[in-house]
């Protein structure tokens, strides 16, 4: 068996990735594929934490643009991430992988509250931990949640799995045929060039804490394992 390059990771999944081609809701075949890939790396001894977005169900930004109070719209988005997290937990446990969901907003009937030391203990016991409900605060994205949790649990890397692109490009490759894919970037490059990989708050947090980020496609099964083994897939973003 190959030796993992990274031993504790945060896997960032967008809500849209869970929807697959249907664009809305949860696609069972997609979430099962992700669960199989997570199982694969968990059985290699990798400690896995997951942050899931909620855009396949509700996007706070869209609600705000419709005239809804921004904080209310964002809280609705946090609840959407909980639904996605519970669905992923169910898929993982169906494959025999012990999993815990921790939420930033307390809802003890369905999940544990987020406690940093408890999350780390779960990881040490080789349980997959899914961080739900964002940071628990409006105006912050799940990208920022991934960066914050990665810093808190001292993760080696953030794996940002995309469903519509296989790395970071100079422009949208679907709109610009001349778009160039980057193999490696710095967080300063992301901020300076306005590359829409993650929001500026998340980028700054990763840069300040020297947490590498790998952006890759989730649509090809096995890519999570390839990223964990350190294979050259997607784009790696480093602190400097």
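Please treat every number below as a calculation from the coordinates, not as lab data. Model, not experiment: these values are computed from the prediction. A quick note on method: Cβ atoms are made from the backbone with ideal geometry, for glycine too, and the neighbour counts reach across all protein chains shown.
Here each label is just a point 7 Å from Cα along the line to Cβ, and for residue 106 and residue 180 those points are 5.3 nm apart. Once the stretch 28-106 is represented by equal point scatterers at the alpha-carbon sites, with solvent omitted, what log10 I(q)/I(0) does the Debye formula produce at q = 0.17, 0.18, 0.19, 0.20 Å⁻¹? Per q value, in the given order, log10 I(q)/I(0) is -0.70, -0.76, -0.81, -0.86. The slack in the chain from residue 209 to residue 93, taken as 0.36 nm per residue of separation less the alpha-carbon distance, amounts to 38.5 nm.
Ellipticity at 222 nm from helices only: DSSP H runs of n ≥ 4 in the chain, each -39500 (n - 2.57), divided by the residue count, give -11500 deg cm²/dmol.
Residue exposure proxy: 29, 203, ordered by other Cβ atoms within 10 angstrom of their Cβ from fewest to most, comes out as 29, 203. Ordering 7, 122 from the fewest to the most neighbouring beta carbons within 10 Å gives 7, 122.
Pairs of Cα atoms in the stretch 73-164 fall into 10 Å distance bins, from 0 up to the last occupied one, in shares of 16, 50, 32, 2 percent. With both residues required to sit in the stretch 8-238, DSSP beta bridges show an antiparallel share near 15%. Between residue 5 and residue 164, what FRET efficiency follows from the Cβ-Cβ distance if R0 is 35 Å, with the result rounded to 0.05? Taking R0 as 35 Å, the efficiency between residue 5 and residue 164 is 0.85. Altogether, the Stokes-Einstein calculation at 25 °C and 0.890 mPa s, with the Kirkwood radius of the stretch 150-240 over Cα pairs as Rh, returns a diffusion coefficient of 183 µm²/s. Largest GNM mean-square fluctuation among 61, 174, 225, using the chain with Cα springs under 10 Å: 174. Would you mind calculating the gained length between residue 71 and residue 116 on full extension (0.36 nm times residue separation, minus the Cα-Cα distance), in nm to one decimal? The residue 71-residue 116 span can extend by a further 13.7 nm.
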